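Each reported figure results from applying straightforward, stated rules to the coordinates on display, with no laboratory input. Small disclaimer: the values here were computed from a predicted structure and weren't measured. In this analysis, Cβ positions are derived from the backbone assuming ideal geometry, glycine residues included, and neighbour counts consider all displayed protein chains.
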Amino acid sequence: MKTINVRTSRPYNVIIERGSLSKSGELISQVIKSHKTVIITDDTVGALYADTLVQSLEKNNITSSVFVFPHGEQSKNLTVLGEIYDFLCQKRITRSDFIIALGGGVVGDITGFAAASFLRGIEFVQIPTTLLAQVDSSVGGKTAIDIAGGKNLVGAFKQPALVICDSDTLRTLPQSELSCGMAEVIKYGMIRDENLFNILENHDISNIDDVMDDIVYTCIDIKRNVVENDEFDKGERMILNFGHTLGHAIEGWHNYTDYTHGMGVAVGMCMITELLCSPEITERLKKCVESYKLPTSTNAPVSELLPYCSTDKKCDSDSISYIVCNKIGVAEIKKVTVAEFEKLMEG
Ligand code: NAD
Ligand code: GLY
């Protein structure tokens, strides 16, 4: 078992171990004293893993009820949040109880926001079951829901009490979801860790599972370091957005339909690197991206992507920030005017 201690305003441990889902009850009871919880999950993950979690909690004298909503981003909204609050009231959850997010980033984000706001804040545990959620969204305390005005526009910083990553759960993920998470893993290699990038170059989508625990550990440890330095996203944390400004623009251009977040990030990383960095780095990045079944380019014309870039959360009124890696493992934050960014993108 590997443990990472995250020293944020509310410190907590991240446990990384194959099979840890079935030990969750024991791990949670070491951190939280309450004997009552609500598990929040989606229909796909609930069908696969809720029973194992409920039984493990029972063995440790924690009674649980399960709230299930339909899987997918379209559930990360105010209606489902309202249903979660009603369920917590029905089950008489008090401030000394806690809730558990069992699922991917959608479940983690909405459960985290419910935990931040219900009764003005209760404890919550993250049990992430997608690669993206294990290496990114379950750690660092960003929680959110989507509203008509845009994705993740309502949320709060709320650190979990514990995160449990069981990489065995990743074995039931469809390949497209694994690839999506691999885009974030490649990002960590590019921004902070050439050794991680080398490991990724020496594997591909068919055999990355062999080293999954080490990969998850390394990525979370990078995120830990960044978040400890900049918990409330005022500066350094922006490096985690490498590839994301263009990535979100590409997702938006495709109406968030046939393009996953990971595909957008993969293309975003490749585009910015091709424009601003050496051909050697670009070639290594593209080859690595391809080996995890992710795209390296898009049909979307740059001129049509730019309007999406300037409405991104990473912009203020007239400037835009982007991340560039001139050396693998080293990221720089650049801030330019929107006009300068447009000029840069148009080459
Ligand atoms: P997701 O939660 O929608 O999961 C993807 C799909 O995989 C879903 O259909 C889900 O049911 C299924 N699934 C999950 N685990 C599974 C498993 N083990 N086996 C089989 N199927 C499984 O999507 P995601 O990619 O995990 O997360 C995306 C969300 O995360 C977005 O809403 C994004 O905004 C958010 N996010 C948040 C942060 C943060 O810091 N809070 C960071 C990045 C992304
Ligand atoms: N996913 C980016 C962050 O946590 O800041």
Which of Lys2/Lys293; Lys151/Lys343; Lys36/Lys59; Lys76/Lys142; Lys234/Lys327; Lys287/Lys327 have a Cα-Cα distance over 18 Å? Lys2/Lys293; Lys151/Lys343; Lys234/Lys327
Cut-off 10 angstrom, C-alpha nodes, Gaussian network model of the chain. Which of Glu123, Glu332, Glu304 fluctuates the most? Glu304
Using a Förster distance of 30 Å, the FRET efficiency for Ala156-Thr63 (Cβ separation, nearest 0.05): 0.65
Relative contact order for the stretch 102-240: what is it in percent, counting Cα pairs under 8 Å that are at least 6 residues apart? 23
Where labels lie 7 Å past Cα in the beta-carbon direction, separation of Ser9 and Asn299 in nm: 4.6
Based on the alpha-carbon gyration tensor of the chain and its eigenvalue square roots a ≥ b ≥ c, which shape applies: rounded if a/c is under 1.5, prolate if not and a/b is larger than b/c, or oblate? prolate
Check: the chain dipole with +1 on Lys, Arg Cβ and -1 on Asp, Glu Cβ, in debye: 1120
Modelling each spin label as a point 7 Å along the Cα-to-Cβ direction, I'd like the Glu280/Thr52 distance in nm, to one decimal. 4.4
Cleavage-rule hits, trypsin sites (Lys or Arg not before Pro), the stretch 1-30, DSSP coil, Cβ neighbours within 10 Å at most 10: none
So between Lys287 and Asp86, what do we pick up on full extension, going 0.36 nm a residue minus the alpha carbon distance? 67.5 nm
Dividing the mean separation of Cα pairs under 8 Å (6+ apart) by the residue count of the chain yields a relative contact order in percent of 15
Add -39500 (n - 2.57) for each DSSP H run of 4 or more in the chain, then divide by its residues: what number comes out at 222 nm, to the nearest 500 deg cm²/dmol? -13500 deg cm²/dmol
Arrange the peptides 188-194, 66-72, 149-155 so that the one whose residues have, on average, the most other Cβ atoms within 10 Å appears first. 188-194, 66-72, 149-155
Taking alpha-carbon centroids only, the stretch 44-88 lies from the stretch 169-214 a number of Å equal to 28
Unit charges on C-beta of K, R, D, E only; dipole of the stretch 24-145, Debye: 460
Can you give me the angle between helix 175-192 and the longest principal axis of the chain, using Cα atoms only, in degrees from 0 to 90, rounded to the nearest 10? 70
Which is farthest toward the positive dipole end of the chain among Ile281, Ser206, Val265, measuring Cα position about the Cα centre, with Cβ charges +1 (Lys, Arg) and -1 (Asp, Glu)? Val265
Magnitude of the Cβ-charge dipole (Lys and Arg +1, Asp and Glu -1) of the stretch 194-336 about the Cα centre, nearest 20 debye, reported as 360
